[in-house]
Amino acid sequence: MPSLKIKTLHYESLPSTNTEVARLASDGASEGLSIVADEQTAGRGRLQRMWSSPMGAGLYFSVLLCPKIPLHSWPLITFMAALATGDALLSAAGLPTEIKWPNDLLAGERKICGILSETVDTPEGRAVVVGIGINLTAQAYPPALHGLATSVEEEIGTPADRHLLLTSLQTAIAHWYDELLNLDGAEKILRAWIDRSSYAEGRLVDVVNGDQSFRGITRGVEPDGALRVETGSNEIRVVRAGDVVSVRSAN
Ligand code: BTN
């Protein structure tokens with residue numbers, strides 16, 4: 001039996017499931033509390049972006065975790081969530097995905113899921129809220145992202161079974177969270193993440209952070225999940241923030 005007991009509250013509409021879980025965590029909610037909403041009116045993404053969350057178009061889910069692991073391994077919580085979401089999409093929808101650093105899930109090179117992990121102070125100490133947004137239909141993402149984003153329905157040709165996807169996600173999070181807490185958990189998560197990411201090694205990418213960017217070839221990840229990128233001058237730069245964009249060769 002997994003040690004994490006996930007208890008899920010369901011809301012029709014919320015500003016953001018992450019914000020609500022963080023609020024309840026500050027008030028002393030227990031690890032495993034999770035919230036799913038049919039719509040978010042102020043859904044949030046990485047790097048202060050908004051996360052489009054129309055009614056019924058996506059799965060908007062957040063869970064509270066209080067992992068007893070060294071602080072430097074906390075970025076791996078997001079890696080763990082990406083592995084769990086990949087498992088859930090495969091088992092519930094038969095949909096294989098791959099992971100793009102740091103925490104996007106892609107289907108056929110298009111983004112189908114984003115993950116936002118945020119730390120929160122609770123009466124028991126520091127905890128993390130992991131928020132997962134999965135596009136279920138094409139209405140989930142803005143038309144401007146057509147070609148860059150996709151949804152479960154577009155990929156499998158039938159509507160997603162939202163309930164099955166949610167229960168599969170809960171099961172997979174409980175499984176991978178147990179793995180993370182094991183003595184060799186960090187290595188295992190990293191290995192599994194690298195196996196599922198064509199971005200981890202040998203990929204020509206632009207790394208973009210605000211108005212700064214540079215080009216290089218990915219050379220694996222650091223033990224804390226930071227991306228190693230080799231630049232033209234054979235220097236390895238370690239990337240902890242920003243976006244990675246695949247560069248296609250001209251021919
Ligand atoms: C990203 O790719 O930028 C991360 C997107 C994370 C979206 C999810 S939806 C559920 C949870 N609530 C939020 O406000 N954000 C996350």
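The values are calculated or read from the model by the stated rules, or taken from the named source; none is laboratory data. This one's a predicted model, so the numbers in the text were calculated from it and none came from an experiment. Glycine gets a Cβ as well: all are built from the backbone with ideal geometry, and neighbour counts include every protein chain shown.
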Report summary line: The lone condition S73 fails out of (1) touching a helix residue (DSSP H, G or I) at 6+ places or on another chain (Cβ under 7 Å); (2) modelled with pLDDT under 95; (3) within 10 Å of the ligand (Cβ to nearest atom); (4) of a type outside the set (V, I, T) is (3)
Query raised in the report: Of the residues that make up the range 34-53, is at least one within 21 Å of A140 (Cα to Cα), without any contact (Cβ under 8 Å) to a residue 40 or more places away in the chain and more than 11 Å from the ligand (Cβ to nearest atom)?
Result: yes
**Report entry** Residue list for the range 118-143, filter: touching a Lys or Arg at 6+ places or on another chain (Cβ under 9 Å) and part of a strand (DSSP E or B)
**Finding:** E118, T119, V120, G131, N135
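Looking only at residues in the range 98-138 that are of a type in the set (S, T, Y) and without any contact (Cβ under 8 Å) to a residue 60 or more places away in the chain, which one is surrounded by the fewest Cβ atoms within 10 Å (Cβ to Cβ)? Full working, then the answer.
Within the range 98-138, the subset of a type in the set (S, T, Y) is 117, 119, 122, 137.
Remaining after also requiring without any contact (Cβ under 8 Å) to a residue 60 or more places away in the chain: 117, 119.
Values: S117: 22, T119: 13.
Step by step, filter the range 98-138, then rank; the result is T119.
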Query raised in the report: Which ones in the range 139-166 are more than 16 Å from the ligand (Cβ to nearest atom) and free of Cβ contacts under 8 Å to residues at least 60 places away in the same chain?
Result: P143, H146, G147, E153, E154, G157, T158, P159, H163
Requested in this report: Read through the list (1) part of a strand (DSSP E or B); (2) out of contact with any strand residue (DSSP E or B) (no Cβ under 7 Å at 6 or more places or on another chain), then give the number of the only condition that L59 fails.
Outcome: (2)
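In the range 1-21, what count of residues is obtained for those that are more than 14 Å from the ligand (Cβ to nearest atom), among the small types (G, A, S) and not in a loop (DSSP other than H, G, I, E, B)? Show your work before the answer.
Going residue by residue through the range 1-21, those that are more than 14 Å from the ligand (Cβ to nearest atom) are 1-7, 12.
From the residues that got through so far, the ones that are among the small types (G, A, S) too are 3.
Adding the requirement that they be not in a loop (DSSP other than H, G, I, E, B) leaves none.
Going through the range 1-21 one residue at a time, the tally reaches 0.
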Report summary line: Note on the range 81-97: residues crowded, with 21+ Cβ neighbours inside 10 Å and either in a helix (DSSP H, G or I) or of a type in the set (K, R) (or both) are A81, A82, L83, A84, T85, G86, A88, L89, A92, A93
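Of everything in the range 220-251, what is surrounded by fewer than 16 Cβ atoms within 10 Å (Cβ to Cβ) and in a strand (DSSP E or B)? Give them in sequence order. I'd like the intermediate steps shown before the answer.
So the first thing to find is which residues in the range 220-251 are surrounded by fewer than 16 Cβ atoms within 10 Å (Cβ to Cβ), and the list is 220, 222-223, 230-238, 240-241, 245-251.
Correct list: G220, E230, I236, R237, V238, V245, S246.
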Report task. Search the range 139-154 for residues being surrounded by 11 or more Cβ atoms within 10 Å (Cβ to Cβ) and not hydrophobic (A, V, I, L, M, F, W, C), and hand back the single one that is nearest to G108 (Cα to Cα). Result -> T150
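Return the residue satisfying two criteria in turn: it lies in the range 54-70 and is over 19 Å from L180 (Cβ atoms) and of a type in the set (A, V, I, L, M, F, W, C), and of such residues it is nearest to the ligand (Cβ to nearest atom). Give the steps one after another, and end with the answer.
Kept after step one, since they are over 19 Å from L180 (Cβ atoms), are these residues of the range 54-70: 54-60.
Cutting the leftovers down to of a type in the set (A, V, I, L, M, F, W, C) gives us 55, 57, 59.
Values: M55: 14, A57: 11, L59: 8 Å.
Once the filter is applied, the top-ranked residue is L59.
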Report task. Select from the range 197-209 the residues that are buried (at least 19 other Cβ atoms within 10 Å of the Cβ) and within 19 Å of the chain's Cα centre (by Cα) and list them in ascending order. Result -> S197, Y199, A200, V207
Query raised in the report: So, of the residues in the range 6-48 that are touching a Pro at 6+ places or on another chain (Cβ under 7 Å) and among the polar types (S, T, N, Q), which turns out to be nearest to P67 (Cα to Cα)?
Result: Q40
Requested in this report: For residues that are without any contact (Cβ under 8 Å) to a residue 60 or more places away in the chain and within 11 Å of L116 (Cβ to Cβ), tally how many sit in the range 54-70.
Outcome: 0
